[in-house]
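Quick notes on the structure that follows.
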Amino acid sequence: MSEFQKALDKYAKYVIQQSRSNLTKAGKGKGPLYNTLSYKIAGSRVTFLSEKYGIFVDKGVKGKNPSNVSPNARIKGQQAPNSPYKFGSGKFSGSWDDFVDKMTKFAKQKNIRFRDKDTGKFTKGGFKSMGYIIAKNIYSRGIRPTMFFTKPFERGLELYGDDIVAGYITDKFKT
């Protein structure tokens, strides 16, 4: 392995390690996104890999219409005003029914159910209804960016940029 590729490898390992650490801090745990973070080095190029939705977790997603959020919702307003992604833009695959199904599974896993306002006891309404309400809220207000990958990517360039350049120069002028 060349000096240049060794420096790229150090950089990429740093980015993946810090990204995983950030996911854990953000409460995203050791799920599919955490487990699929990886990299490949081919020649002079580093490619970072993850689940498709990783970019949305990192950059956030604008909501379709924050005014549709229930007045009882704890979180109000646009969550990712500067994100290049927006719910309802039609640029990415995925159906509303799939989204509701995933939120239904989430509600079931976390045992999120309807409660009586006064007594706190569980009331009528199943996980499917709760999944629909959660999905509608997220769709309307968006997803806040975590920058779990962007920050380590940029910080890694600051830390390892000189080593990468030095490795390239060393390899280029070796005789």
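The values are calculated or read from the model by the stated rules, or taken from the named source; none is laboratory data. In this text, all values refer to a predicted model and were calculated from it rather than measured experimentally. All Cβ positions, glycine included, derive from the backbone under ideal geometry; neighbour counts span all protein chains shown.
Of the residues E51, E3, the single one that is touching a helix residue (DSSP H, G or I) at 6+ places or on another chain (Cβ under 6 Å) and closer than 21 Å to D162 by Cβ is E3.
How many residues, within region 87-101, are part of a helix (DSSP H, G or I) and without any contact (Cβ under 8 Å) to a residue 24 or more places away in the chain? Even if it seems obvious, please write down each step before you answer.
Let us first name the residues in region 87-101 that are part of a helix (DSSP H, G or I), namely 96-101.
Now restrict to residues that are without any contact (Cβ under 8 Å) to a residue 24 or more places away in the chain: 97-98.
Counting residues in region 87-101 that are part of a helix (DSSP H, G or I) and without any contact (Cβ under 8 Å) to a residue 24 or more places away in the chain gives 2.
If the condition is being polar (S, T, N, Q), buried (at least 17 other Cβ atoms within 10 Å of the Cβ) and in a loop (DSSP other than H, G, I, E, B), then region 21-55 contributes only S50. Please go through region 56-68 and pick out each residue that is surrounded by 20 or more Cβ atoms within 10 Å (Cβ to Cβ) and either modelled with pLDDT under 75 or part of a loop (DSSP other than H, G, I, E, B) (or both). Result: G60, G63. Candidates in region 108-127 are the residues that are part of a helix (DSSP H, G or I) and out of contact with any Phe, Trp or Tyr (no Cβ under 7 Å at 6 or more places or on another chain); of these, the one that is modelled with the highest pLDDT is F127.
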